[in-house]
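The next block holds one structure in the form of structure tokens; read it before the comments.
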Amino acid sequence: MENLGLEFTVDFPDDHLEAGEGADWEVIRPSGMALTHAVVDLLQANGFVVSELEADIEHESWYFIAEKDGRSHETQVYHLDSTAFLYVWGSSPSFKRLFKRRDHYLEYIEKLRQILSGDQRFGALHWIDISGQPIVSPV
């Protein structure tokens with residue numbers, strides 16, 4: 001299954017935290033925490049159960065799992081200035097056929113696109129592949 005995502009513009013503050021100086025410098029909290037909370041709030045308002053957010057310091061992003069109707073979707077959010085990226089790493093419906101699994105995966109990412117499109121904090125949404133290249137909607 002290919003990994004797909006959304007690229008969009010946002011107007012959220014850069015909320016990353018750093019500590020140390022010189023060679024001892026490190027990221028304590030990646031940017032995008034407020035953005036990711038907004039995405040999670042919208043998913044929850046649409047009936048999804050969402051795991052606790054996890055900071056991915058290595059990739060400077062945020063990770064969560066959204067579940068609904070027995071399907072879980074690993075989701076990663078990156079925030080870079082006024083641009084954000086949201087990738088979905090897969091879905092896991094219990095004992096479903098492979099083609100149904102892909103259908104649920106695409107349904108989830110299309111639902112994300114619809115949810116974010118309906119909120120003024122998110123703009124210029126378009127589909128991207130794992131390399132960040134724009135693609136035509138797969139649904």
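The values are calculated or read from the model by the stated rules, or taken from the named source; none is laboratory data. Only a predicted model underlies this, so the values are computations on that prediction, with no experimental measurement involved. Here Cβ is always computed from backbone atoms with ideal geometry, including for glycine, and neighbour counts include all displayed protein chains.
For the stretch 46-68, how many residues are closer than 23 Å to residue 119 by Cβ, surrounded by fewer than 16 Cβ atoms within 10 Å (Cβ to Cβ) and in contact (Cβ under 8 Å) with a residue 24 or more places away in the chain?
Count: 1.
Scan (1) closer than 17 Å to residue 71 by Cβ; (2) at pLDDT 90 or above; (3) in contact with a strand residue (DSSP E or B) (Cβ under 6 Å, 6 or more places away or on another chain) for the single condition residue 116 breaks and write down its number.
The one condition residue 116 does not meet is (1).
I'd like to check something: does the stretch 75-86 contain any residue that is assigned to a strand (DSSP E or B), touching a strand residue (DSSP E or B) at 6+ places or on another chain (Cβ under 9 Å) and surrounded by fewer than 18 Cβ atoms within 10 Å (Cβ to Cβ)?
yes
Mind listing just one residue for me: the one in the stretch 82-113 that is modelled with pLDDT under 65 and in contact with a Ser or Thr (Cβ under 7 Å, 6 or more places away or on another chain) and, of those, nearest to residue 7 (Cα to Cα)?
The extreme case among them is 91.
Mind checking which residues of the stretch 5-25 are in a strand (DSSP E or B) and either free of Cβ contacts under 8 Å to residues at least 12 places away in the same chain or under 24 Å from residue 120 (Cβ atoms) (or both)?
5, 6, 7, 8, 9, 10, 18, 19
Could we say that residue 72 is at pLDDT below 90 and hydroxyl-bearing (Ser, Thr, Tyr) here?
No.
Do we have residue 34 as touching a residue at least 60 places away in the same chain (Cβ under 8 Å) and within 16 Å of residue 83 (Cα to Cα) here?
no
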